[in-house]
Amino acid sequence: MTSKKNKARAPREVNPKKFKKKTSVLLTEKVEFVDYKDVNLLQRFVSDRSKIRNRRVTGNDVQQQRDIANAVKNAREMALLPYTKRVAQTRAGRPPRDGDDRRERGPRRDDAAPADAATTESTASTETASVETADVEV
């Protein structure tokens, strides 16, 4: 009996779904030099939140991706491209968890303040009353 570690590995199967490699925009438009001032070209390699897209997404080779990354960084430094863009997103509040009724647990801080003041006044009046009775006994 052989252990799992010593089992002969099956040769990797050839991927039945051959994927077509994406062609780079730089090759299709025959761009020889990536310039940081060419904002329209650089916008294609940047997401809607202005993050630099992956090589896998854009289809660039290593050198092209490096050139684009440097050009985008220079364009950001020169204020031609934004570092980030705010994306308006309407978020719904999260649904309460099971047994998590935070609003129904106890009085809110706003409601608790007057109640505390009333209790302190009543305790203060009972203390003064006990002091008065002690004076009478002497």
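The values are calculated or read from the model by the stated rules, or taken from the named source; none is laboratory data. Please read these numbers as outputs of a predicted model, since none were measured by experiment. No Cβ is skipped: glycine too gets one built from the backbone with ideal geometry, and neighbour counts run over all protein chains shown.
Data for the structure
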read-out: Some residue of the stretch 13-30 being within 23 Å of the chain's Cα centre (by Cα) and at pLDDT below 90; value: no
read-out: Yes/no for residue 114 being in a helix (DSSP H, G or I), at pLDDT below 75, farther than 30 Å from residue 40 by Cβ and not hydrophobic (A, V, I, L, M, F, W, C); value: yes
